[in-house]
1. If Met79 satisfies all but one of (1) more than 18 Å from the chain's Cα centre (by Cα); (2) under 30 Å from Leu18 (Cβ atoms), what's the number of the condition it fails?
2. Could you list all residues from the stretch 21-41 that are acidic (Asp, Glu) and closer than 14 Å to Thr76 by Cα?
3. Scanning for something of a type outside the set (A, V, I, L, M), free of Cβ contacts under 8 Å to residues at least 60 places away in the same chain and touching a strand residue (DSSP E or B) at 6+ places or on another chain (Cβ under 8 Å), does the stretch 14-37 turn up at least one residue?
4. Could you say which residue among Glu113, Glu122, Glu132, Glu109 is surrounded by fewer than 12 Cβ atoms within 10 Å (Cβ to Cβ) and over 30 Å from Arg61 (Cα atoms)?
5. Test each condition in (1) over 22 Å from Ser23 (Cβ atoms); (2) surrounded by 15 or more Cβ atoms within 10 Å (Cβ to Cβ); (3) in contact with a Gly (Cβ under 9 Å, 6 or more places away or on another chain) for Trp55 and report the one that comes out false.
6. Could you tell me whether Ala84 is surrounded by fewer than 13 Cβ atoms within 10 Å (Cβ to Cβ), modelled with pLDDT of 95 or more and either under 29 Å from Ala115 (Cα atoms) or aliphatic (A, V, I, L, M) (or both)?
7. Are there any helices (runs of 4 or more DSSP H) wholly within the stretch 33-140 with 3 or more residues that are aliphatic (A, V, I, L, M), and if so which?
8. Looking at this structure, is Ala74 under 27 Å from Asp110 (Cβ atoms), buried (at least 17 other Cβ atoms within 10 Å of the Cβ) and of a type in the set (A, V, I, L, M)?
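The values are calculated or read from the model by the stated rules, or taken from the named source; none is laboratory data. For clarity, every value in this text was computed on a predicted model and none was experimentally measured. All Cβ positions, even for glycine, are placed from backbone atoms using ideal geometry, and neighbour counts span all protein chains on display.
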Amino acid sequence: MSTPSASSSRLDALVRQLEAALSHAFDEALADRSTTRVEFLMLSVLAHADHPLTWEEVEARMPAQLGPATLTEAWTGLMSGHWATDGSDGRTITADGQEALEGLHSDIEDIHERAASGVTNEDYATAVAVMETMLTNLTD
């Protein structure tokens, strides 16, 4: 197989552009709900917990690169929005927080549907298969 000519679109550039567009659309969805990515992640952690979490458990389940100040700021935002609570048994998501999280997941689905609008199921499956093959080629 030949490589693309200089005049054609490079796949790596298109992938970066698509990722940036998806990221921007998600940032807009977060802004529409007056929340942040870190708050979204923390809500997800709380929603998937099978018991109220201590602060240490919340920290341990969040991405390691997020520092204490960032996590504290996110927690404060969730508390002020009544999306999470700190009860005597630990930290939990509230009904309002669960509703917000479900809304954000719905927004994510809408973003992906909008991105794939006009793409046939066959073309989408082909695109995914090609990307997976290329990824495998570079990671083996």
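1. Condition not satisfied by Met79: (2).
2. Result: Glu39, single match.
3. No, the stretch 14-37 contains no residue that is of a type outside the set (A, V, I, L, M), free of Cβ contacts under 8 Å to residues at least 60 places away in the same chain and touching a strand residue (DSSP E or B) at 6+ places or on another chain (Cβ under 8 Å).
4. Residue meeting the stated conditions: Glu122.
5. Here Trp55 clears every test but (2).
6. On the way: surrounded by fewer than 13 Cβ atoms within 10 Å (Cβ to Cβ): no; modelled with pLDDT of 95 or more: yes; either under 29 Å from Ala115 (Cα atoms) or aliphatic (A, V, I, L, M) (or both): yes.
Criteria not met by Ala84.
7. Numbers: elements: 37-48, 55-61, 68-80, 95-115, 121-139.
Qualifying helices (runs of 4 or more DSSP H): 37-48, 68-80, 95-115, 121-139.
8. yes
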